[in-house]
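Have a look at the structure below, then the notes.
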Amino acid sequence: MTAKNIKFDRTTLQALANQAITIVFHNADPGILHNVAIYSDSSAKQSLFVGSTFNGPKTETYHVPALSPGTFYFRCDVHHQMNGTFVVVAGSPSPGG
């Protein structure tokens, strides 16, 4: 996924349940801090994963531990308007997920 112009290039992510997840995150905003963090819901009180925050342009690979099936919330912890839904499914994810 990519961050550019203080926006994510997608607002929905999907992954398989009970399997470690890899997120290749490209921050294309020069000199601007971004990250990807996954929370149980939009209150962002319970974190499930918090990726390191870094300046762009740069790409980092996040290794997210296995999650149970469910619908979660992801965001940039620096720019909360950058957010979306993270769907963890028991079967195969849809193409492009």
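The values are calculated or read from the model by the stated rules, or taken from the named source; none is laboratory data. Every value quoted in this text rests on a predicted model; they were computed, and no experiment measured them. Here the Cβ positions follow ideal geometry from the backbone for every residue, glycine too, while neighbour counts run over all protein chains shown.
Considering each of P65, P30 in turn, give the residue that is surrounded by fewer than 17 Cβ atoms within 10 Å (Cβ to Cβ) and closer than 17 Å to K7 by Cβ.
P30
Just to be sure, is V89 loosely packed, with under 13 Cβ neighbours inside 10 Å, modelled with pLDDT of 95 or more and out of contact with any Cys (no Cβ under 8 Å at 6 or more places or on another chain)?
no
Looking at region 33-51 only, could you name the residues that are under 18 Å from V88 (Cβ atoms) and crowded, with 16+ Cβ neighbours inside 10 Å?
Result: V36, A37, I38, Y39, A44, L48, F49, G51.
Filter region 1-17 down to the residues that are without any contact (Cβ under 8 Å) to a residue 60 or more places away in the chain and either in contact with a Lys or Arg (Cβ under 6 Å, 6 or more places away or on another chain) or surrounded by fewer than 16 Cβ atoms within 10 Å (Cβ to Cβ) (or both) and list them by number.
M1, K4, N5, D9
Considering each of F72, F54 in turn, give the residue that is crowded, with 17+ Cβ neighbours inside 10 Å, of a type in the set (F, W, Y), touching an Asp or Glu at 6+ places or on another chain (Cβ under 9 Å) and modelled with pLDDT of 95 or more.
Among F72, F54, only F72 is crowded, with 17+ Cβ neighbours inside 10 Å, of a type in the set (F, W, Y), touching an Asp or Glu at 6+ places or on another chain (Cβ under 9 Å) and modelled with pLDDT of 95 or more.
From the list G97, G84, exactly one residue is surrounded by fewer than 18 Cβ atoms within 10 Å (Cβ to Cβ), closer than 14 Å to D9 by Cβ, touching a strand residue (DSSP E or B) at 6+ places or on another chain (Cβ under 6 Å) and modelled with pLDDT of 95 or more. Which is it?
Result: G84 is the single residue among G97, G84 that is surrounded by fewer than 18 Cβ atoms within 10 Å (Cβ to Cβ), closer than 14 Å to D9 by Cβ, touching a strand residue (DSSP E or B) at 6+ places or on another chain (Cβ under 6 Å) and modelled with pLDDT of 95 or more.
Let's see how each residue does on (1) on the phi < 0 side of the Ramachandran plot; (2) acidic (D, E):
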| position | (1), (2) |
| --- | --- |
| I6 | no, no |
| D9 | yes, yes |
| I21 | yes, no |
| V24 | yes, no |
| F86 | yes, no |
| A90 | yes, no |
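Looking at region 27-46 only, could you name the residues that are touching a Ser or Thr at 6+ places or on another chain (Cβ under 8 Å), more than 11 Å from F72 (Cβ to Cβ) and assigned to a strand (DSSP E or B)?
Hits for region 27-46 are N27, L33, H34.
Has region 54-68 got any residue that is of a type in the set (V, I, T), in contact (Cβ under 8 Å) with a residue 40 or more places away in the chain and in a strand (DSSP E or B)?
yes
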